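Every number here is computed from the coordinates shown, using simple stated rules; none is lab data. Since the structure is predicted, the reported quantities are computational estimates derived from the model, not experimental observations. Glycine also receives a Cβ, built like all others from the backbone with ideal geometry; neighbour counts cover every protein chain displayed.
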Amino acid sequence: MSETCACVEAWFEAFFASHGAPTATDAARLELKRFHCEMVRDEARALARHLELPPRQITLAAVAGLCHDVGRFPQYQRYQTFSDPQSVNHAVLGVQSLNRHGALAGLPERDRTLVRTAIMVHNRHSLPPALASGRDREALTLARIIRDADKLDIVRIMLDHFNRPGEKDPVVFLGQPDIPGRYNPAMLEAIDAGRIGSYADMTSVNDFALLILSWINDMAFPWTRHQFFVRGHAKGLFAQLPELPQLATFKKRYFEYYAPTSS
Ligand SMILES: [Fe+2]
């Protein structure tokens, strides 16, 4: 607890509890995000430790990880969606919530800025050039840690939901239709070109699996890419895709290019 700041943990729990869920489905969706925040906190802390960062930066990774998605609670309460294009930018909403409640008041100003920055950029397609330049090394490292930790835990959530029997939750799958055999070749092109896929190019839940597979191109640390394979995430995502020759070829290419040679 001390490595996350007890006051931030307490605020997080109280803030979550202040967002009522009218139905069991609402409660499950909000709980999914609460648990996701805790998992990203733990992933970010593990990554920061792996990088042998100083204790202060390990604490900041844990704080930013825990708080990165607090905007999801008011977003869902107001709009009943986790889709930013259909509502608001949840990163901005999260930082506004932290500011309004003085949730980071226990941290020095510099550290508050670092945490806010990491949260603000965690859901951007790419990092803003000024941050990516690395002039502020601490800010860049923290932002990268949160983006990597977030990706790893989203894979866990999505695989869990992919593997559940029955209808797919439209809020979790951002309204993508479950149409067997449908996928957008633009997703494969993006991955082959070393890019990440675009949410706007998704046409089905299959594209959601491909989108997540494309994140390998935006994982900043070798540790994260390694975890993606050794935890079976890549394999699990490919298992969701239809059995089509072009996808089988693509899978072979993907593993040959990205899989760590030791796994
Ligand atoms: Fe997020």
So how far apart, in nm, are the two label points at GLU31 and ALA6 if each is 7 Å from Cα heading toward Cβ?
2.8
Ratio of the Cα radius of gyration of the stretch 109-154 to 2.2 N^0.38 Å, where N counts its residues
1.07
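Per residue, how big is the convex hull of the stretch 176-258 when only Cα atoms are used? Give it in Å³.
Enclosed volume per residue, from the Cα hull, is 83 Å³.
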Counting other Cβ atoms within 10 Å, keep those with at most 15, restrict to DSSP loop, and tell me which GluC sites (Glu not before Pro) in the stretch 1-97 are left.
GLU3, GLU52
Run the numbers for ARG78 and THR203: contour at 0.36 nm per residue of separation, minus the present Cα-Cα distance, in nm.
42.4 nm
Once the Cα gyration tensor of the stretch 41-110 is found, what semi-axes does its equivalent ellipsoid get, as square roots of 5 times the eigenvalues, in whole Å, sorted largest first?
27, 15, 8
Given Cβ point charges of +1 (Lys, Arg) and -1 (Asp, Glu) and nothing else, what value in debye, to the nearest 20, does the dipole of the chain about its Cα centre take?
340
Once phi for every residue in the stretch 97-108 is put through the Karplus expression 6.51 cos²θ - 1.76 cosθ + 1.60 (θ = phi - 60°), the whole-Hz ³J(HN,Hα) values, with Gly and Pro written as x, are 5, 4, 5, 4, 9, x, 5, 9, 4, x, 9, x
State the volume of the convex hull built on the alpha-carbon positions of the chain, expressed per residue in Å³ and rounded to an integer.
130
If the cut-off is 14 Å between C-alpha atoms, which aspartates and glutamates fall inside it for LYS252, apart from same-chain ones fewer than 8 positions away?
ASP192, GLU243
Charged-residue dipole, Cβ positions (Lys, Arg, Asp, Glu), the stretch 1-152 about Cα centre, Debye nearest 20:
360
Using alpha-carbon pairs under 8 Å, 6+ residues apart, how would you state the relative contact order of the stretch 2-154 in percent?
27
Label model pair ARG137, GLU243: point-to-point distance (7 angstrom along the Cα→beta-carbon line) in nm is 5.2
Approximate spin-label separation SER126-ARG231, in nm, with each point projected 7 Å along Cα-to-Cβ:
2.6
No solvent, one uniform scatterer per C-alpha: report log10 I(q)/I(0) for the stretch 2-154 via the Debye equation at q = 0.16 1/Å, two decimals.
-0.82
Given the rule -39500 (n - 2.57) for each run of at least 4 DSSP H residues, summed and divided by the residues of the chain, what is its mean residue ellipticity at 222 nm, to the nearest 500 deg cm²/dmol?
-19000 deg cm²/dmol
